[in-house]
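The values are calculated or read from the model by the stated rules, or taken from the named source; none is laboratory data. Everything numeric here is computed off the predicted structure, so don't read it as measured data. A quick note on method: Cβ atoms are made from the backbone with ideal geometry, for glycine too, and the neighbour counts reach across all protein chains shown. Areas reflect the complete protein model, heavy atoms only, side chains present, ligands, DNA and RNA absent. Shrake-Rupley method; radii C 1.70, N 1.55, O 1.52, S 1.80 Å.
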Amino acid sequence: MGGAVVDDGPTGVPAPDGGWGWAVLFGCFVITGFSYAFPKAVSVFFKELIREFGIGYSDTAWISSILLAMLYGTGPLCSVCVNRFGCRPVMLVGGLFASLGMVAASFCSSIIQIYLTTGVLTGLGLALNFQPSLIMLNRYFSKRRPLANGLAAAGSPVFLCALSPLGQLLQDHYGWRGGFLILGGLLLNCCVCAALMRPLELPVRRLLDFSVFRDRGFVIYALAASIMVLGLFVPPVFVVSYAKDMGTPDTQAAFLLTVLGFIDIFARPTAGLITGLRQVRPYSVYLFSFAMFFNSVADLGGSTATDYGGLVVFCVFFGISYGMVGALQFEVLMAIVGTQKFSSAIGLVLLLEAVAVLIGPPSGGKLLDATHVYQYVFILAGAEVLCSSLVLLLGNVFCRGKGPSEPQASEAATAKEELNQPPADGPVDAREVECFLKGELEKNGEATLNPETSV
């Protein structure tokens, strides 16, 4: 568990590690930005929604929770769609859904309607973009994958820095309805990113591969990640309202998310670069566990903030730890399951996390409504993330080597066996014929020659 793997794509196509991959990386950067920044950025509209509909903090927190739950909970659906239709068509449809949801929300007359439009429809659209973009990134990068993951993950803080003040600006000039309408138009850029996702190969055969649950490393990762998201997204959702309740002006309160995002911008590529080092990459799972621990300490420290300066310090340390988590979470999953099973593994992990996402922010809102003390919310979030760090660390220490062999090894053996089988009916290319003939010669004990070895 946690070992890095450098492997080929699902059909033996080697990852380019560059070329058009940089365009794919840019598209993934934008999609990640929209997917993760949106649930936090809409929090700047919460005070206005509370006044408009006469609701509580826990009611508005459901907007972000439903967005994230759709982003995670539709993982298996995204996996099936990607394996059936390919990444590009799925992302194009997702971009349209995401935009339509925000446009429709601008005409809503109740909080329930906002749940269905901003939460369900926009959340589904972002999910249909987010997961396929990660799958494409994994297919285009192998040796440089940690760095590529870190750069793509930097889209989240970059967009958070932009969307939070933009949301406040739109609310001040056009109200929350006009702000939602304009944000819906911005989400059409997801369709542009979808056009960049040039496929390397035809869709893979299985629509959803449940065999990943036989790998203990995957099970431990899924359990730890599910516990982590209970508290991971809670502080960014409430930190703006926390500052406003201290008497901080709205614009200055929204600036906290900009501070968090600015630090996050540098933390994610740096974490990806460090993880890609030869000496570090085999131990990426331990680095991920440390990132969770660091995040929990930041949350607990944030609970002691008593003024705006204290919240700024909290946002700095939270931004560093959050960036580390963002850069490492999918890199570690890719290292555990390998390329062939990643499209199914990420869908199943996101589904498990969706339950926790639905519980996290609303439970924080309920606690806030009951106590009116923000410190308790931050303490609860820190305790949950700390628990996830211990699960990942201890599970890896005590279960490593006790489960089946590394999935990449068995995966490589399966791929080699498939290549050595006689080609099925239908068109084949020269590479498949060469691999088949080479395998037959090796089985018969004959030497195989190529221009390099025959000289």
Where a label projected 7 Å from the Cα of Phe398 along Cα→Cβ would reach, residues of region 227-267 with amide N under 12 Å: none
Using θ = phi - 60° and Karplus 6.51 cos²θ - 1.76 cosθ + 1.60, couplings along region 252-257 (whole Hz; Gly, Pro as x): 5, 5, 5, 5, 4, 5
For region 271-345: rounded, prolate or oblate by the Cα gyration tensor [a/c cutoff 1.5]: prolate
Nearest-10 value in Å² for the accessible area of Cys108, using the 1.4 Å probe: 10 Å²
Phi to ³J(HN,Hα) by Karplus 6.51 cos²θ - 1.76 cosθ + 1.60 over region 320-331, Hz, x for Gly, Pro: 5, 5, 5, x, 4, 4, x, 6, 9, 4, 8, 4
Ordering of 109-118, 316-325 by burial proxy (mean other Cβ atoms within 10 Å per residue, highest first): 316-325, 109-118
From phi via Karplus (6.51, -1.76, 1.60), per-residue ³J(HN,Hα) for region 302-314 in Hz, x at Gly/Pro: x, 5, 8, 5, 10, 8, 4, x, x, 5, 5, 4, 4
Peptides ranked, highest mean first, by Cβ atoms within 10 Å: ranges 190-198, 381-389, 365-373: 381-389, 190-198, 365-373
Rounded if a/c under 1.5, otherwise prolate or oblate - region 56-113, Cα gyration tensor axes: oblate
Surface share of carbon and sulfur [accessible, 1.4 angstrom probe, percent] for region 238-337: 73 percent
